[in-house]
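Have a look at the structure below before the remarks.
The values are calculated or read from the model by the stated rules, or taken from the named source; none is laboratory data. Model, not experiment: these values are computed from the prediction. Heads up, the Cβs are rebuilt from the backbone with ideal geometry, glycines too, and the neighbour counts pull from every protein chain shown. Protein only, heavy atoms only, side chains kept; ligands, DNA and RNA dropped before computing areas. Shrake-Rupley method; radii C 1.70, N 1.55, O 1.52, S 1.80 Å.
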Amino acid sequence: FSQGPFFMSKVLKAHIALFSVNALYGANHVIAKGVMPDYLTPSVFIFLRASGATLLFWIFKIIFVREKVQRKDLSLMALCGLFGVAMNQLFFFHGLSLTSPVNTGIIMTINPILVVVLSFFILKEAITLRRSVGILIGATGAVLLTLTAGTGIGDSSLGDFFIFINAASYALYLVLVKPLMGKYKPLTVITYVFSFGFIFVMLYPPTFMELSITNFSRIPMSMVFVIIYVVVGVTFLAYLLTVFGLKQVSPSATSAYIYLQPVLVMLFAVGLSALGMAEDYTGTITSEKIMYMILIFIGVYITSSKSFKKESLSQ
């Protein structure tokens, strides 16, 4: 039966999980934009996201996983919490509140290239000539895209810069968290990582000041559902599925899925705006940006495809 039509290898499950993660993120770029800054500031939104997800992770861990973490690994988990939760989310939501969701999806495609570079320095993964060419092409596309910031409706140079920092911090997280995947179950790792990340979010000075002046009673029910989607779907499920994927494939292969985000963001931007479920940001989609997006896509594909295939075949 294990080899029958319903059999699904762990690697295939990992790739399905990673695709699902980026679909969740793609919708988030468009949906979450409507919450800020009219109802919640980015800092308050992040506080709700981190606190809600941390609570869910601990509930599930207590029920399903009884596993202790060695003291020597806590510092690495704290670093993962800093870069993968606190900095990642703070810069993403502050950037998203300033720039267009289409731009955020495009800029995030630089993440796989950053993962390859960081993997070279941290995990000692070799950077081949093929990867070097891919990095150069992708970086060129990213620079050209950055130079067009602020030229369209809803664009922001500062917002785009924040999204770039978000992509860099998430890339560092993917590399740092990989060694932990070989020692612990995914739920254990992400629970501790989010616990540390939540602590760092609370230490961010504006958080409690903005939380104290937030009028939650004026938030409409439609926005409440968006907040629940972000907490449960984009945070709890997405991070859990990501560490599940990292258990089976490399950081480079994991991050390679991010190049799907611009396409997914554009599809969600068009679809949700047509349904009246989100603001219309299709005006930020230009042929020039699509060209730069394709350039980044080519760079990412060249950089990640070889390791992606090798990882899949090794399983």
- Pick out the one residue from Thr242, Thr207 that is β-branched (Val, Ile, Thr), closer than 23 Å to Gly105 by Cα, part of a helix (DSSP H, G or I) and open to solvent by less than 40 Å² (accessible area, probe 1.4 Å). Thr242
- Residue in segment 270-282 that is surrounded by the most Cβ atoms within 10 Å (Cβ to Cβ), counting only those that are at pLDDT below 65 and outside any helix (DSSP H, G or I): Tyr281
- Query: Of the conditions (1) within 17 Å of the chain's Cα centre (by Cα); (2) outside any helix (DSSP H, G or I), Gly95 fails just one. Which one is it?
  - Reply: (2)
- Note on the structure: Among Ile285, Ile296, the single one that is aliphatic (A, V, I, L, M), modelled with pLDDT under 80 and buried (at least 21 other Cβ atoms within 10 Å of the Cβ) is Ile296
- Message: Take the conditions in a loop (DSSP other than H, G, I, E, B) and either on the phi > 0 side of the Ramachandran plot or open to solvent by less than 70 Å² (accessible area, probe 1.4 Å) (or both) and apply them to Thr191. Does it pass?
- Response: no
- Query: Does Lys178 satisfy being touching an Asp or Glu at 6+ places or on another chain (Cβ under 7 Å) and among the basic types (Lys, Arg)?
  - Reply: no
- Message: So, in segment 1-60, exactly how many residues are basic (Lys, Arg), farther than 14 Å from Leu241 by Cα and modelled with pLDDT of 80 or more?
- Response: 1
- Taking the stated definitions as given, is Leu56 open to solvent by less than 50 Å² (accessible area, probe 1.4 Å) and in a loop (DSSP other than H, G, I, E, B)? no
- For Ile63, state whether it is surrounded by fewer than 24 Cβ atoms within 10 Å (Cβ to Cβ), modelled with pLDDT of 90 or more and assigned to a helix (DSSP H, G or I). yes
- Task: Find the residue count for segment 226-253, including only residues that are among the hydroxyl-bearing types (Ser, Thr, Tyr) and either touching a strand residue (DSSP E or B) at 6+ places or on another chain (Cβ under 9 Å) or at pLDDT 90 or above (or both).
- Result: 4
